[in-house]
1. For region 132-201 and region 62-76, what is the separation of their Cα centres, given in Å?
2. Using θ = phi - 60° and the Karplus relation 6.51 cos²θ - 1.76 cosθ + 1.60, list the HN-Hα couplings for region 86-92 in order, rounded to whole Hz, with x at every Gly or Pro.
3. Please list, ordered by chain and number, the residues whose modelled amide H lies under 5 Å from the amide H of residue 175; skip anything fewer than 5 residues away on the same chain.
4. Taking neighbour Cβ counts within 10 Å as the exposure measure, how do 130, 104 sort from fewest upward?
5. Points 7 angstrom from Cα along the Cβ direction at residue 165 and residue 45: gap in nanometres?
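FYI, it's all coordinate maths here, none of it is from the lab. Just so it is clear, the model here is predicted, and its values are computed rather than measured. Ideal geometry is used to build each Cβ from the backbone, glycine not excepted, and the neighbour counts take in all protein chains shown.
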Amino acid sequence: MPLLASAAAALSINTTTATPSTNTTATSSTNSSTTGISEGTDTNKTKSVRLQLNHNTTKCLSAIMDSDGYAQPELTFVQNCTYSTVWVVPFDFDQQPGEVVCGECNELPILDGGKYGNQTNQTVLAMPDEQRMGQKWMIDSDQRISLRPPTDPTKATFCLGETIDDKGGSYVRTEYCGDGPDSGGSKINQIWNLIDVEKDT
């Protein structure tokens, strides 16, 4: 049974205990194809990437999958980006909003920043739903990945990021977008590197 059928629980994820995805594809700066995308999708309009935190390049955003490839709603960071999840984003992700798809997950869930896109919501994986406000994203010129609600796709108010609590716990959250670079010791980190991934052969 797909784990996404259960409600997403707002709990912390220990970055050292998450089971990383098994894709070990090398990174590349030239690919614009995708892996594991549903039939009918024009793969020339998407690209496969790993989402790496700029302030700590050992940490990449990952889904938590079972042995059958079904993902939990919760997300995590893994400490070795080689084993992190491959995400599928629009080829022109810096020009127009689109979905961020877990390309390795069964049923191809997408990033969801919350029904109302507010900073109290933990970012989760969910199935596509046109009625939800938090499923379209865009990478901005400052390398922040911002929510772009269908009602106002030009507005970037909330951004994908890492939030660190007072005990050092790391969470994937949708917070108000900051400005300027991330820095050491920051409790909120929102600058991302998109690492292109070669298509499996």
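1. 20
2. 8, 9, 10, 10, x, 4, 9
3. Amide H neighbours of residue 175: 159, 161.
4. Going from least to most buried by this count: 130, 104.
5. 4.1
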